[in-house]
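What follows is one structure encoded as structure tokens, with my remarks underneath.
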Amino acid sequence: MNQQSAIIPRREFLAVTGAMAVSAVAGRSLAFEDGRRPKVAAIFTELRHRSHPYNILMNLMGTCLFRGKRVDPGVDVVAWYADQFPKDDMAREASQRLSVPLFDSIDKALCLGGKDLAVDAVVLIGEHGEYPTNDLGQKMYPRKEFFDQIVKTMRRSQRFVPVFNDKHLSYRWDWAKGMYDEAQQLGIPLMAGSSVPLAERRPPIEVPDNAKVLDAVAIHGGGREVYDFHGLEVLQSMIEARRGGETGISRVEFLAGPAFEKAQKEGRWSRELAAAAMTAEGDSGMKRQRKPTTGVFAATVPAPPPESDHALLVTYKDGTRGTVLKIGSSSDRWNFACKVEGQAAPLATAFINGPWGNLNLFSALSNAIAHFFRTGKSPYPVERTLMAGGALDAAMHSHQAGGKPIATPELEFSYRAQDFRAFRETGESWKVITAETPQPTTFSPTL
């Protein structure tokens, strides 16, 4: 992707890019032409069991289980920086056991203790750890601070290498846009985002290219803000290649409590699509724990007490209606449905995270990250994450304002979608790992 022209004026929007070769992720290393494996520095908040750094580095430092096969990521993680050390910290012990130096500053990690940048890529994982929460309910993870220190080292060394940022760029829109703009200006290849869009889909639906999407609903079962981001990325990843291309978001609303109930009764989102999305989950074959409920959706569709629900209403510039619903309390719940012009029945699917829960989602993501580090090309546009993160920030401002709609002219930008099917899990891996397979409890990457 040419990052200098990634965000383009709406009138100049170009066609969706063609399919990327499956061979790029089929296990064959695409390391540097001279055969070297990219050296990677890992900058993270804390390493403990099932934290994001644990989930990603277990794959990047060993092999990724992707589509039923163990895949060598083709990169070498050669340095760590940990910002915090909780009681159940794994970083210190694993660093010594695996002979990966743990540095006390980001600059030292990037320079391997020297004066100049000595790595070929950086994985920035600013998730988990003890950080304050602001008045909007946003966890103030130090992703921007980490990024600024990374860029400072690159500027001094006058060498700019790929950076992957886990989840959204920053909880603040202005900081996220600043990170994006700086990467553009300096020519830093940038990748970011959620693991969920890379999950297996049951059924394996595709929104047809250039289809006119009228309405779309994404559903999750997690906490406010932290899981809403994943829901927004699921929504964005499914509809960004619609007819006319992505032209941006004009307005965002966050509704909870009585406002949620009122909006539900008024039909502010499609009951049909919500029911279809939840039915897809029920038909997927994955085990779910649900409490008996009544009233909100069709009798066959589980619905939690209204006070535990909320909705993010997204109005797109082209008139497409998008909704992210929080239903129940299941970290395994990732569902989607949409209405396409000319098709009577909704398209609906459940995103399957595997028998070990969210831990399995990171295999496909890590495989995609490794491809990015080897090639300098992200499998999907970072603008997707920029837009989803901006919508999340607007939603939190709406929530603070009691559900007042927030206009988002800053999100009315276009970007080119990419075909990222080759990077998505197909479910073959769940023939290798099953619910009976013992889960790892130590930081011991599979070699």
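Only the coordinates and a few stated rules stand behind these numbers; no lab work does. This structure is a prediction, so every number in the text was calculated from the model and none was measured. Cβ placement follows ideal geometry from the backbone for every residue including glycine, while neighbour counts extend to all protein chains displayed.
Couplings 3J(HN,Hα) of segment 370-378, computed from phi: 4, 4, 4, 5, 6, 10, x, 10, 6 Hz, in residue order, whole Hz [Karplus 6.51 cos²θ - 1.76 cosθ + 1.60, θ = phi - 60°; x for Gly and Pro].
Taking the Cα atoms of the chain, the ratio Rg/Rh between the radius of gyration and the Kirkwood radius comes to 0.95.
Between THR320, THR133, THR279, the residue with the greatest mean-square fluctuation in the GNM of the chain (Cα pairs under 10 Å linked by springs) is THR133. Annotation: for a label point projected 7 angstrom from Cα along Cα→Cβ of ASP181, residues of segment 131-150 with backbone N closer than 19 Å are 143-150.
Put a dot 7 Å past the Cα of SER105, heading toward its Cβ, do the same for ASP419, and the two dots end up 4.8 nm apart. Working note: Cα atoms of segment 198-353, range along each principal axis, descending, whole Å: 41, 34, 30.
Report the extension gain between ARG224 and GLN84 in nm, rounded to one decimal, defined as 0.36 nm multiplied by the number of residues separating them, less their alpha carbon distance. It would help to have the intermediate numbers written out before the result.
Working: separation 140, 0.36 × 140 = 50.40 nm, distance 2.41 nm.
Extending this stretch completely gives an extra 48.0 nm.
Shape class for segment 57-184, computed from the alpha carbon gyration tensor (a ≥ b ≥ c): rounded, with a/c under 1.5. Computed from backbone phi, the HN-Hα couplings of segment 114-121 come to x, 9, 10, 3, 10, 10, 9, 6 Hz, rounded to whole numbers (Karplus: 6.51 cos²θ - 1.76 cosθ + 1.60, θ = phi - 60°; Gly and Pro given as x).
If you average the C-alpha positions of segment 428-447 and of segment 56-119 separately, how far apart do those two centres end up, in angstrom? About 20 Å separates the Cα centre of segment 428-447 from the one of segment 56-119.
Please give the FRET efficiency for ASP318 paired with ASP135, using the beta carbon to beta carbon distance and R0 = 22 Å, rounded to the nearest 0.05.
0.10
Close amide-amide hydrogen proximity is noted between GLY193 and ASN165, LYS167, each under 5 Å apart and 5 or more residues distant or on a separate chain (H modeled in the peptide plane; Pro and chain starts excluded). Of all DSSP-defined beta bridges confined to segment 198-353, some 80% are antiparallel rather than parallel.
Give me CYS64, CYS111 sorted ascending by neighbouring Cβ count inside 10 Å, so fewest comes first.
Working: CYS64 27, CYS111 20.
So the residues, fewest neighbours to most, are CYS111, CYS64.
Model label sites at ARG92 and GLU341, defined 7 Å from Cα along the beta-carbon direction, differ in position by 6.2 nm. With R₀ fixed at 25 Å, the C-beta to C-beta distance from ASP148 to LYS115 puts the FRET efficiency at about 0.85.
Computed from backbone phi with θ = phi - 60° and the Karplus coefficients 6.51, -1.76 and 1.60, the 3J(HN,Hα) list for segment 272-282 is 4, 5, 4, 5, 5, 5, 6, 5, 4, 4, x Hz; x is used for glycine and proline. Between GLN158 and ARG271, the simple label model (points 7 Å from Cα in the Cβ direction) yields a spacing of 6.7 nm.
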